[in-house]
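Report on one structure; see the data block that follows.
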Amino acid sequence: MKFSHSICALFTLLSCSTFAANDTQSLPVCPTTSHQLSHNDTFGVQYQLSGAQHGTLQLLRSQAQTAYYNPENGVAEWWNFAIADHPSFIRVFAKHQRRIDYYTGDLRTLNIKVSQAEMESFATAQLLKQLSHKGPATCDGSQVYEGDVKQMHYRVIWSDELGLPLELSITHNGQTKQWQAQKLIPANEVELTLSRWQQFSDTDYADIGDNETDPFLAQMINQGFVEHSEHAVYDSKGKPMHGEHIH
Amino acid sequence: MKLNAIVLAMTTAIAALALTGCGDDGENGAVGATGPAGQNGTNGQNGNDGRDHTAVNQWFTQGQATVANASETSVSDPKGRAKNIILFVGDGMGVSTLTAARIYQGQQRGESGEENRLSFETFPYSGLVKTYSSNQQTPDSAPTMSAIVSGVKTKDGIISVSDAAIRGNCTSGQGNEVMSALELAEIAGMSTGVVSTARLTHATPAATYSHSVERNWESDRDMPQAALDAGCHDIASQLIDFPYGDGIEVALGGGRSYFMPNTVTDPEYARAGRRNDGRNLTTEWTSKYSDGAYVWNREQFLAVDTSTTHHLLGLFENSHMQYEADRADDAAGEPSLAEMTSRALDVLKQNDKGYFLMVEAGRIDHAHHAGNASRALQDTVALSEAVRVAMEKADNDTLILVTADHSHVFTIAGYPVRGNPILGLVRGVDDSGEAAATYTTDSNGMPYTTLGYANGPGFGFGSDAMNTDSYRPDLNLYNVTDVDYRQEATVPMDSETHAGEDVAVYARGPGAQLVTGSVEQNLLFHVMNYAGDLAARAEANQN
Ligand SMILES: [Zn+2]
């Protein structure tokens, strides 16, 4: 998948909430050195989106798994790169306690291709290489990067420890969206969430079309809930939301 | 009526099994609101308690009568002429799919394509099959395959249980199970096989060996506790606990996780099995059959000695097997449908009493649901190759049927020039009848593909740019012949739907002459039953 698509995909997902913004701006979280986290640990980060758009998004990571979860609508996109060439992808609908599982052939028919590095890095792994290093940031082991890519201005505070941005702001046509890490989600919470999702009733994407009498799936099929674009994301009524794509 | 006597109420057959001690279901037949089992089965006269469906089920009696008439008026093979029966089913393989796949295959060989014939299009007999189920104009695979293999139409979502049952209601199905051709073949002492590129527990293969009021009850985890408590069994377990004859000889396909306990991790993927009951059905297979083998990748599969292995279970994917287009890229390696058919026949042919084999190209349906014509056509060509193998390996004493369970809303539009790439944009002919210099365009001046869908996920590649002025994507910007391309759809839906028109059936071998004209889908069972005299052979072998 092209880098721009990855960013675009994530930002479709990330910008899906429409609830009012939190007025009090939290400071970026600094990972604590007492619990030295590394890229391979199980942990999560909650991001708050502010500026031109608002929303909350949780990134959950455990071994080769990365999930993006929108707590507002209960929809998650959950990747497992245990077999790097054939990642598994699951879309979680927490409010319905249902899952749609996508296998290799399904992902191909949907033209969904993602890079593990992009998924794990909040879609910034490629971006960093195109920005200039501006020096250390306030949190230990974090660095500021800044620059322009394809008419967008990016500013990233990158945590080497987490392999994630603590802050990411994107300015385009005078409008700025800012993602800010709000809090760390502890390993046990991440594991609990993933194991809860594991228990949800699952349907193969390929089987959706043969199960139109299942009320949940019928809603998915007819309202475009399941798969409308390559990384669809949905509002609380199941309507796909076409967030501002950033190419 | 010998037929009625053996195609008797399933409860009777199940009760009989308890006698032979090879089933754990005996209790189902012995108790319940319908009273003692067996009477209707043995006297073969009436079915007023609803059990002997062969005497009272309208689908069954009408199909039987149609065959009886045809067998007297046609150029006729006598009843029972076919020693073996092979049934091929392309899931969702409507007539437009056949036409497009025929052209696709020809063009892959560098020909113009239209003149090509798929292997089974050379069969001497063919007909049209009405596919409606007993409650839907446009059906799913559960009632359609039930009709094909049991002679009885039923409701959507129900597998080899008559429509006296209510979908998803366990007790409503008990006593209304209808016997399949594969089960009769086993009772007759024949060898049997089920091959599919879908999960073996998926509706089409499941209809040959299991009975379920809900097609989604593929593992115990997929069933409500009430259904388990009421004595219903999941589909995967029914394959292993199969109570007739000496058990199914060959079962090859996908769906591995449905056979594995949730405490065991899949050998190919980092996922646990789906069974909550702790059963590992793959190891049960090899302990149940001393001449049995279980394989899960192509290398193991090709290494099986088919002369000594008489019960072969192959589960090549966690869920459905790969599309043919993606098969070469599978991590663990998967056999093709033709390879599975070939080796299944090697195992089955060793029985002097003959065999019954069902082969399903299960993923044509899924590619269509995804609006992805290329993969649907490649899987159809793979079915054609599997049939070719059967044509080569099966002797003249074998009835081969090729059909579909239902169609899809898949269209082939006008007016491309002869030989135009079937997946491509329409390029017509000019006023002198020669290939036009430019693509044909719609009223907005935009090109379009020959293939399309009446509904489904629709436009080209994901969220790429569309020409919003014309309300259609500018297909000049797309590689429409790419394997991943999704054809346009008129009505936007996230999953393309089945279609309600007739499908084709092709036949060769003894009894093939019965396959002609326009027929009800449940007739196909009666054709197989007549050609193979399955019921009588089963009865003879039981006594
Ligand atoms: Zn289908």
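The values are calculated or read from the model by the stated rules, or taken from the named source; none is laboratory data. These numbers were taken from a predicted model, which means no experiment stands behind them. Using ideal geometry, Cβ is built from the backbone for each residue, glycine included, and neighbour counts are taken over all protein chains shown. The protein model used for the area step is the full one, side chains on, heavy atoms only, and it has no ligands, DNA or RNA in it. Shrake-Rupley method; radii C 1.70, N 1.55, O 1.52, S 1.80 Å.
Can you give me the long-range amide H partners of B:LEU252? Hydrogens built in the peptide plane at 1.01 Å from N, cutoff under 5 Å, separation of 5 or more residues or another chain.
Long-range HN contacts for B:LEU252: B:VAL194, B:VAL195, B:SER196, B:GLY314.
Taking B:LYS130 as the anchor, which aspartates and glutamates have their alpha carbon closer than 20 Å to its alpha carbon, excluding any fewer than eight residues away along the same chain?
Filter leaves A:ASP210, B:ASP91, B:GLU121, B:ASP140, B:ASP156, B:ASP163, B:GLU360, B:ASP365, B:ASP405, B:GLU501, B:ASP502, B:GLU520.
Using only the alpha-carbon atoms, how far is helix B:373-393 inclined from the longest principal axis of chain B? Give it as 0 to 90 degrees, nearest 10.
Taking the Cα atoms of chain B, the angle to B:373-393 is about 50 degrees.
Using a Debye calculation, one point per C-alpha and no hydration shell, please list log10 I(q)/I(0) for the stretch B:72-129 at q = 0.30 Å⁻¹ in order.
Per q value, in the given order, log10 I(q)/I(0) is -1.31.
Helix B:523-532 versus the longest principal axis of chain B: what angle, 0 to 90°, nearest 10, using Cα atoms?
60
Within the stretch B:104-163, list the trypsin sites (Lys or Arg not before Pro) lying in a DSSP loop whose Cβ has at most 10 other Cβ atoms in a 10 Å radius.
In loop regions of the stretch B:104-163 (DSSP not H, G, I, E or B), the sparsely surrounded trypsin sites (Lys or Arg not before Pro) are B:ARG109.
Once both axes come from the Cα atoms, what is the angle between helix B:337-348 and the longest principal axis of chain B, in degrees from 0 to 90, rounded to 10?
The angle comes out near 20 degrees.
Taking a cut-off of 16 Å between Cα atoms, list the aspartates and glutamates near A:LYS129, but don't count ones fewer than 8 places away on the same chain.
A:GLU118, A:GLU120, A:GLU146, A:ASP148, A:ASP160
Can you list residues from other chains, or at least 5 along the same chain, whose modelled amide H is less than 5 Å from the amide H of B:GLU520?
B:LYS130
Tell me the total accessible area that B and A bury against each other, 1.4 angstrom probe, in square angstrom rounded to 100.
Buried area (both sides, nearest 100 Å²): 3100 Å².
Would you kindly state the longest site-free stretch of chain B, with sites defined as GluC sites (Glu not before Pro) in a DSSP loop (not H, G, I, E, B) surrounded by at most 11 other Cβ atoms within 10 Å?
Values: sites that count: B:GLU115, B:GLU434.
The answer is B:116-433.
Please give me, ordered by residue number, the chymotrypsin sites (Phe, Trp or Tyr not before Pro) of the stretch B:241-271 that lie in loop per DSSP and have at most 12 other Cβ atoms within 10 Å.
Answer by residue number: there is no such site.
Pop out the ³J(HN,Hα) list for the stretch A:124-130 in order, Karplus 6.51 cos²θ - 1.76 cosθ + 1.60 with θ = phi - 60°, rounded to Hz; leave Gly and Pro as x.
Rounded to whole hertz, the list is 10, 4, 6, 4, 3, 5, 9.
How many percent of the accessible area of the stretch B:286-390 is carbon or sulfur, using a 1.4 Å probe?
Its accessible area is 45 percent carbon and sulfur atoms.
Grab the Cα-Cα distance for B:ASP305 and B:SER432, subtract it from 0.36 nm times how many residues apart they are, and report the gain in nm with one decimal. Let's see the in-between values first.
Working: separation 127, 0.36 × 127 = 45.72 nm, distance 6.11 nm.
Once the chain is fully extended between B:ASP305 and B:SER432, it gains 39.6 nm.
For the stretch B:179-190, what does the Karplus curve 6.51 cos²θ - 1.76 cosθ + 1.60, with θ = phi - 60°, yield as ³J(HN,Hα) per residue in whole Hz, taken in order and with x for Gly and Pro?
Values, residue by residue: 7, 9, 4, 5, 5, 4, 4, 5, 5, 6, x, 7 Hz.
What residues have an amide H closer than 5 Å to that of B:ILE86, excluding those fewer than 5 places away on the same chain, when H is modeled at 1.01 Å from N in the peptide plane?
Those lying under 5 Å, H to H, from B:ILE86 are B:LEU357, B:LEU399, B:ILE400, B:LEU401.
Give the average, rounded to an integer, of partner chain Cβ atoms located within 10 angstrom of each Cβ in B:180-193.
For peptide B:180-193, the averaged partner shielding equals 0.
Report, in whole Å, the centroid distance computed from the Cα atoms of the stretch B:285-302 and the stretch B:499-538.
So the separation of the two Cα centres works out to 32 Å.
Averaged per residue, what accessible area in Å² does the stretch B:267-378 show with a 1.4 Å probe, protein chains only?
Normalised by residue count, the accessible surface of the stretch B:267-378 is 31 Å².
Express the carbon and sulfur contribution to the solvent-accessible surface of the stretch A:52-158 as a percent, rounded to the nearest whole number, probe 1.4 angstrom.
The nonpolar share, carbon plus sulfur, comes to 45 percent.
Tell me, how many Å apart are the Cα centres for the stretch B:84-160 and for the stretch B:366-439?
12
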